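Trainee: Sharing a structure, written as structure tokens. Questions coming.
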Amino acid sequence: MPTVDERLQRIEDVEEIRRLKVRYAEACDTGFDADAIIALFAPDGVWDAGAFGRFVGDEMRPYWEETARMSGTALHYMVNHVVDVADNGTDATGRCYLLATVDREGTAYWMAVKYEERYRKVDGRWLFAEMKLLPAFMTPFDQSWVA
């Protein structure tokens with residue numbers, strides 16, 4: 001059975017990982033700053049958005065720079081974040097959902113995405129090892145997401 005200190009550390013790790021996800025949402029919602037977003041990933045971290053692309057480490061920079069150029073206001077609502085820290089205390093997995101509103105080149109979109117993620121503690125700091133997006137829809141706001 002884990003000690004009280006080990007259990008407390010696990011709770012603190014889960015909270016830090018949840019805050020990592022919030023920092024990601026904030027970086028997206030304040031202009032998609034490529035440096036700020038990339039800093040949340042391990043150096044070999046993967047951002048995998050399926051049809052939108054899969055990038056490792058600094059390879060994601062052009063994607064985020066283009067997203068910043070094309071996007072205006074964005075609001076990322078992250079919900080139902082579940083995090084499981086591995087027994088080694090340096091790896092974790094998680095999943096959550098996103099409902100977002102985004103202005104892309106003057107057209108308002110809403111979108112829903114499921115995230116599947118891996119995290120790694122690097123020099124005492126939790127970072128994304130892999131963020132996989134499973135989009136449900138990205139639809140202009142004036143249209144039904146069912147279509």
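Trainee: Checking the structure you have, find out if any residue of region 61-84 is on the phi > 0 side of the Ramachandran plot and in contact (Cβ under 8 Å) with a residue 60 or more places away in the chain. Reasoning before the result, please.
Mentor: Within region 61-84, the subset on the phi > 0 side of the Ramachandran plot is 80.
Next, only the ones that are in contact (Cβ under 8 Å) with a residue 60 or more places away in the chain stay: none.
Taking every residue of region 61-84 in turn, none turns out to be on the phi > 0 side of the Ramachandran plot and in contact (Cβ under 8 Å) with a residue 60 or more places away in the chain.
Trainee: Which residue is least open to solvent (accessible area, probe 1.4 Å), if the candidates are limited to region 59-87 and must be charged (D, E, K, R) and in contact with a helix residue (DSSP H, G or I) (Cβ under 6 Å, 6 or more places away or on another chain)?
Mentor: If we take residues in region 59-87 being charged (D, E, K, R) and in contact with a helix residue (DSSP H, G or I) (Cβ under 6 Å, 6 or more places away or on another chain), then ARG61 is least open to solvent (accessible area, probe 1.4 Å).
Trainee: May I pose another question? Could you please find all residues in region 57-78 being among the β-branched types (Val, Ile, Thr) and within 15 Å of LEU133 (Cβ to Cβ)? Explain how you work it out, then say what you get.
Mentor: The initial filter retains those residues of region 57-78 that are among the β-branched types (Val, Ile, Thr), namely 67, 73.
Result: THR67, single match.
Trainee: Next up: Under 6 Å by Cβ, and 6 or more places apart or on different chains, what pairs join a residue from region 104-121 that is in contact (Cβ under 8 Å) with a residue 24 or more places away in the chain with one that is open to solvent by 60 Å² or more (accessible area, probe 1.4 Å) and hydrophobic (A, V, I, L, M, F, W, C)?
Mentor: From region 104-121, the pairs are ALA108/PHE141; TYR109/MET138; TRP110/PHE141; MET111/MET138; ALA112/LEU99; ALA112/ALA136.
Let's see how each residue does on (1) under 13 Å from the mean Cα position of the chain (by Cα); (2) of a type outside the set (Gly, Ala, Ser):
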| site | (1), (2) |
| --- | --- |
| GLY89 | no, no |
| ARG95 | yes, yes |
| LEU98 | yes, yes |
| VAL102 | no, yes |
| VAL113 | yes, yes |
| MET131 | yes, yes |
| PRO135 | yes, yes |
| THR139 | no, yes |
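Trainee: Which of the residues belonging to region 93-109 are open to solvent by 40 Å² or more (accessible area, probe 1.4 Å), closer than 20 Å to ALA51 by Cα and modelled with pLDDT of 95 or more?
Mentor: ARG95, TYR97, LEU99
Trainee: Further question on the same structure: Any residue in region 5-32 that is without any contact (Cβ under 8 Å) to a residue 40 or more places away in the chain sitting within a Cβ distance under 8 Å of a residue that is open to solvent by 60 Å² or more (accessible area, probe 1.4 Å)? List the pairs, counting only those 6 or more apart or interchain.
Mentor: Matching pairs, first to second residue: ALA27/ASP33.
Trainee: So, one more: I'd like the residue in region 1-58 that is among the β-branched types (Val, Ile, Thr) and outside any helix (DSSP H, G or I) and, out of all such residues, is surrounded by the fewest Cβ atoms within 10 Å (Cβ to Cβ).
Mentor: Within region 1-58, the match that is surrounded by the fewest Cβ atoms within 10 Å (Cβ to Cβ) is THR3.
Trainee: Now for a different question. State the number of residues belonging to region 110-132 that are within 13 Å of LYS21 (Cβ to Cβ) and open to solvent by less than 40 Å² (accessible area, probe 1.4 Å).
Mentor: Number satisfying all stated conditions: 8.
Trainee: Scan (1) of a type outside the set (Phe, Trp, Tyr); (2) open to solvent by 70 Å² or more (accessible area, probe 1.4 Å); (3) at pLDDT 95 or above for the single condition THR90 breaks and write down its number.
Mentor: For THR90, the exception is condition (2).
The values are calculated or read from the model by the stated rules, or taken from the named source; none is laboratory data. These numbers come from a predicted model, not from an experiment. Neighbour counts are summed over all protein chains in view; Cβ atoms, including those assigned to glycine, are modelled from backbone coordinates with ideal geometry. Side chains are part of the model used for accessible areas, which takes the heavy atoms of the whole protein and leaves out ligands, DNA and RNA. Shrake-Rupley method; radii C 1.70, N 1.55, O 1.52, S 1.80 Å.
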